[in-house]
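Written out below as structure tokens is the structure these notes cover.
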Amino acid sequence: MSSRVPEPLLVVSESAESAMVAAAAKAHPNETGGILIGVYLDDQPWVTRAIEIPSPYRGRHHYKIPAGATQPAVHAARRDDHRLGYLGDWHTHPADVGPSPTDLATLALFSITHPLTPNPTLVVVRNTGDGYVIDARRILTITPRTCGLRIAGDLPVDPLSPEGKQ
């Protein structure tokens, strides 16, 4: 009997994937990034939106979300759909390089300093030269773990929202 823990899963909507890839291509050769918004379904995060957040702290080898920018972006998404919440951060790498030690340390530190965000997620959209690949990590039991990725459709419209009552 194997005691191996199964790989965590990250579900990403096609529209969120497209938004990250388009932002990566537009920003190239610099990095860009933002936040991941979505819901939990069967205890798995489902990224339904990838919101790009402009930053003066970006270049070929770095990107940082400006202080104070995350919360207003989350509140704006929640005004559109009350089910949505913050799942983590994303940024691009103009080269075919996965998360850096700094990226992983930042994710681990976030999980300690923000205990109300369960299992925060980090997505790095890396340029392979032939296109872009999503590289995801989630914190599970203190350590960032590589996530399996499943691309899905968008979140169905909330029947209680103004759009759902039409």
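The values are calculated or read from the model by the stated rules, or taken from the named source; none is laboratory data. Quick caveat, the model's predicted, so the values are computed rather than measured. Here the Cβ is made from the backbone with ideal geometry for all residues, glycine too, and neighbour counts use every protein chain on show.
A single member of Asp103, Asp158, Asp89, Asp81 is closer than 15 Å to Val12 by Cα and surrounded by 12 or more Cβ atoms within 10 Å (Cβ to Cβ), and it is Asp89.
Pairs meeting the criteria (first residue in the range 129-141 and touching a residue at least 60 places away in the same chain (Cβ under 8 Å) and within 13 Å of Val47 (Cα to Cα), second residue surrounded by 10 or more Cβ atoms within 10 Å (Cβ to Cβ) and among the polar types (S, T, N, Q), beta carbons under 8 Å, at least 6 apart or on different chains) are Ala136/Thr121; Ala136/Thr146; Arg138/Asn119; Arg138/Thr121. Does at least one position in the range 86-103 carry a residue that is closer than 16 Å to Pro45 by Cα and β-branched (Val, Ile, Thr)? Checked the range 86-103: no residue is closer than 16 Å to Pro45 by Cα and β-branched (Val, Ile, Thr). Residue pairs whose Cβ atoms lie under 7 Å apart, sitting 6 or more positions apart in sequence or on different chains, and linking a residue in the range 13-38 that is touching a residue at least 24 places away in the same chain (Cβ under 8 Å) and of a type in the set (D, E, K, R) to a partner that is surrounded by 15 or more Cβ atoms within 10 Å (Cβ to Cβ) and not in a strand (DSSP E or B), are Glu31/Pro94.
So that you can scan it fast, the table gives a plain yes or no per residue for (1) modelled with pLDDT under 95; (2) more than 18 Å from Leu155 (Cβ to Cβ); (3) in contact with a strand residue (DSSP E or B) (Cβ under 7 Å, 6 or more places away or on another chain):
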{"residue": "Asn30", "(1), (2), (3)": "no, yes, yes"}
{"residue": "Val47", "(1), (2), (3)": "no, no, yes"}
{"residue": "Ile53", "(1), (2), (3)": "no, yes, yes"}
{"residue": "Asp80", "(1), (2), (3)": "yes, no, no"}
{"residue": "Thr92", "(1), (2), (3)": "no, yes, yes"}
{"residue": "Val97", "(1), (2), (3)": "yes, yes, yes"}
{"residue": "Leu104", "(1), (2), (3)": "yes, yes, yes"}
{"residue": "Asn119", "(1), (2), (3)": "yes, yes, yes"}
{"residue": "Val125", "(1), (2), (3)": "no, yes, yes"}
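Inside the range 106-130, residues that are more than 19 Å from Val12 (Cβ to Cβ), surrounded by fewer than 18 Cβ atoms within 10 Å (Cβ to Cβ) and of a type in the set (S, T, N, Q) make up a count of 2.
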